[in-house]
Structure formats: structure tokens, C-alpha cells
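Peer 1: Sharing a structure, written as C-alpha cells. Questions coming.
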Amino acid sequence: MRRSIPILTILALTACAGLSEPRMDAAGAPPIREAKDDSRGIKLRVKAEVRLAEFTQEVEFGMLNATQGNFVRTFSEEGFNVIINLLPVVDPERPSIIDSQYQVEIGERAAEGGGKPRPDVVQVQNEFLFELGKPQTVLEAEDAKVTLTFWKVE
């Protein structure tokens, strides 16, 4: 039996993450985020936990501070895929905090009335403040959940 991902319940998680008013420059645009000094060389470890109905996938991968990275996984037999794009920046004033932009997408191929496949996608883009070592849910829909955890690699 095929199920579709309802695009009904994406939680407003920004408040839960402790993100305050967005920082803006004098022109009213978000500032360009650049690593200061030698912080670009800081190595990070990311754990992504993805749950879609009865399927669960955990993956860990490494990244450098202030460098974009992504994770893509296609589950051919189950008929869905997961894409996670991240841009983490260690807060220089609070080194236990990661300020990360992220995009999470879970897509599934579902058959329409005539049997023609159509994409069914849940996607969220946002920015969170992550505490090192503390899992944070970044997407939660009726039968889908994605949690991210960051660590520094010494």
C-alpha cells in the first residue's frame, strides 16, 4: 500500500530553537556569513536522523565550519528520497552554538488516478541555533521527522 506525505503539519520550530530576531545589515538584508580568523578550519560532525512512516535512517558525516554540505539518499525500493543541505557556522562568541542554515526535503513518488507518478514533497528551509551535542527536530510532518545533531571534532 502506497502512502503519501501530507503537507499539512510542518511545525513552526524556529521559536523552539531559540532563534531571536534575524540579524540584518543597514540595508535591511541578512549579513553575509563569513568565518572569522582560522575558524573555517573547525571540523564538525553532523548526525541526521530521518523517519518516514516505518522507515528510519541515521547517517553521520563530517563538514568544515562555514562550508556548505549536503546529504542525498534515495530509497528506490521504498520509493522516496531525502535531501539535507546545511551551512553551519560556529558562533565565535558562544563556541558551543552552531548557527546553521538548512534545507530539508523528503520526496515520494505517488501514483495519480491514471497511474502516472507525481512527486509528493515536504520541504522546509530555515536557520536554527543548535547547541552542540543536542538533537534538534527541524522538520516534523504527520508521518515524517528529521532531527539534526552537531559536534565539534577536536
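Peer 1: Contour minus end-to-end for Leu129 and Thr56, with contour as 0.36 nm per residue of separation and end-to-end as the Cα-Cα distance? Intermediate values should be presented prior to the final figure.
Peer 2: Values: separation 73, 0.36 × 73 = 26.28 nm, distance 2.46 nm.
Extending this stretch completely gives an extra 23.8 nm.
Peer 1: Long-range amide H contacts for Thr67: which residues qualify at under 5 Å (H placed 1.01 Å from N, peptide plane, sequence gap of 5 or more or a different chain)?
Peer 2: none
Peer 1: Based on the Cβ-Cβ distance of Thr67 and Thr147, what FRET efficiency does E = 1/(1 + (r/R0)^6) give at R0 = 30 Å, to the nearest 0.05? Intermediate values should be presented prior to the final figure.
Peer 2: On the way: r = 22 Å, r/R0 = 0.72.
It comes to 0.90.
Peer 1: OK, next. From the backbone phi of region 145-154, what are the Karplus-calculated ³J(HN,Hα) couplings (6.51 cos²θ - 1.76 cosθ + 1.60, θ = phi - 60°) in whole Hz, Gly and Pro given as x?
Peer 2: In residue order, the calculated couplings are 8, 10, 10, 10, 9, 10, 9, 8, 9, 7 Hz.
Readers should treat all values here as calculations from the given coordinates under stated rules, not as data from a laboratory. Every value quoted in this text rests on a predicted model; they were computed, and no experiment measured them. Note that we place each Cβ from the backbone using ideal geometry, even for glycine, and neighbour counts take in every protein chain shown.
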